[in-house]
1. Taking the stated definitions as given, is Leu185 more than 30 Å from Ala295 (Cβ to Cβ), in contact (Cβ under 8 Å) with a residue 40 or more places away in the chain and touching a Ser or Thr at 6+ places or on another chain (Cβ under 6 Å)?
2. Would you pick out the residues in the range 132-180 that are closer than 25 Å to Thr303 by Cβ, among the hydroxyl-bearing types (Ser, Thr, Tyr) and at pLDDT 90 or above?
3. Which of the residues that make up the range 94-120 are more than 18 Å from the chain's Cα centre (by Cα), aliphatic (A, V, I, L, M) and surrounded by 15 or more Cβ atoms within 10 Å (Cβ to Cβ)?
4. Please list, ordered by first then second residue, the pairs with beta carbon atoms under 6 Å, 6 or more apart or interchain, first in the range 87-116 and of a type outside the set (Ser, Thr, Tyr), second part of a loop (DSSP other than H, G, I, E, B) and surrounded by 13 or more Cβ atoms within 10 Å (Cβ to Cβ).
5. List the helices (runs of 4 or more DSSP H) inside the range 1-116, counting only whole elements, that have at least 2 residues being under 30 Å from Arg198 (Cα atoms).
6. Search the range 298-346 for residues being of a type in the set (Gly, Ala, Ser) and assigned to a helix (DSSP H, G or I), and hand back the single one that is surrounded by the fewest Cβ atoms within 10 Å (Cβ to Cβ).
7. Please give the number of the condition Val157 fails out of (1) assigned to a loop (DSSP other than H, G, I, E, B); (2) hydrophobic (A, V, I, L, M, F, W, C); (3) buried (at least 21 other Cβ atoms within 10 Å of the Cβ).
8. Look at Gly162 and say whether it is in a loop (DSSP other than H, G, I, E, B) and in contact with a strand residue (DSSP E or B) (Cβ under 6 Å, 6 or more places away or on another chain).
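The values are calculated or read from the model by the stated rules, or taken from the named source; none is laboratory data. Note that the structure is predicted; figures quoted are calculated from it, not measured. Because the Cβ atoms are built from the backbone with ideal geometry, glycine has one as well, and the counts that use them run over all protein chains shown.
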Amino acid sequence: METLWFMIVAVMVAAYVVLDGFDLGAGAIYLGAGKTSEERRKILRAIGPVWDGNEVWLLAAGGTLYFAFPLLYASSFSGFYLPLMMVLWLLMLRGIGIELRAHMENPVWVGFFDLIFCVSSVLLAIFFGAALGNVVRGVPLRADGYFFEPLWTNFRVGENAGILDWYTVLTGVIALVTLTAHGSLYVAVKTDGELNGRTRSIALWAWPLQLLLTIVGLVATTYVQPAVLDNYKRHAIGYLIPVVVFGSLGVMIFAIRKGLDKIAFVGSAFYIVGMLVGAAFALYPVVLPASTDPAYSLTIYNTAAGHHGLTVGLTWWILGMVLALGYFVLLYRMFRGKVRLEGGGY
């Protein structure tokens with residue numbers, strides 16, 4: 001049951017990154033891709049019906065983590081208290097930027113909320129990437145399973161590292177570039193004309209940087225946390241994950257050049273899933289490594305809830321996921337196709 005719930009949490013995190021990732025990416029390119037107010041309204045209309053629903057996956061993943069691995073939830077949410085508060089404020093500011101922009105006519109206020117939406121989207125992508133970097137690198141866990149990290153120390157990886165160091169900043173940049181390309185491709189799928197061509201060009205220019213950062217990130221990860229290779233050495237099936245990652249990058253560049261926006265977007269989604277699955281596969285059964293003493297690391301076994309609770313919870317989780325998936329299928333079918341500016345709102 002512990003392994004099954006580990007996989008469930010990983011799937012829900014991947015679903016959040018894929019779905020809300022294109023919202024964040026659309027926000028990151030918002031000011032650069034949208035040259036006119038009409039084009040910016042098109043970007044907002046592309047994500048308007050779905051962005052708040054996509055964020056529900058973050059809450060669902062957090063709730064699932066709290067239910068299945070309560071000690072991990074308690075440890076990580078206390079140790080990462082400061083960045084979690086920053087993420088919370090950025091999520092609120094991003095929502096304010098999206099909603100209030102549609103109710104303003106004064107160009108000064110419209111520009112202000114446009115800036116809030118764009119900057120908060122960029123910072124969220126960086127912070128989420130840095131959070132994953134912290135999980136892979138390890139944190140200074142104590143014997144009681146708790147830890148504290150300052151926002152930064154000397155930017156070096158080690159026992160006294162902060163939340164931000166050279167490695168976590170690197171993972172934050174990788175996340176930003178990845179989600180920028182992901183969001184650009186989604187906007188390209190949902191729009192036409194000059195905006196479509198401009199967003200496709202952004203994804204095309206981001207692709208070489210994404211490839212380079214992927215390679216650099218893999219090398220840096222093996223340097224910072226050599227243990228990530230252990231599961232790959234034990235289970236050869238793990239080498240299919242790099243094939244998926246780099247194969248997805250190949251599909252992306254081919255489809256972008258051919259103007260196949262939907263295929264390129266699907267390739268980007270597979271790339272994100274491949275990277276996250278690769279991280280989960282490398283860490284298993286550890287869920288939060290200790291940079292102090294490996295014996296203090298949190299695993300699926302010393303953080304999981306009781307077996308009976310996990311078994312009963314699985315039934316309710318399946319029912320909830322059936323309803324959620326049905327809702328999302330209906331939502332995306334209702335709002336399929338290219339966006340138009342007719343009507344009110346966004």
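1. Criteria met by Leu185.
2. Tyr167, Thr168, Thr171
3. Ile98, Leu100, Ala102, Val110, Ile116
4. Hits for this filter: Ala102/Tyr346; Val110/Met104.
5. Counting at least 2 such residues, we get 2-28, 30-33, 37-47, 51-68, 81-101.
6. Taking the candidates together, the pick is Gly326.
7. (3)
8. Yes, satisfied.
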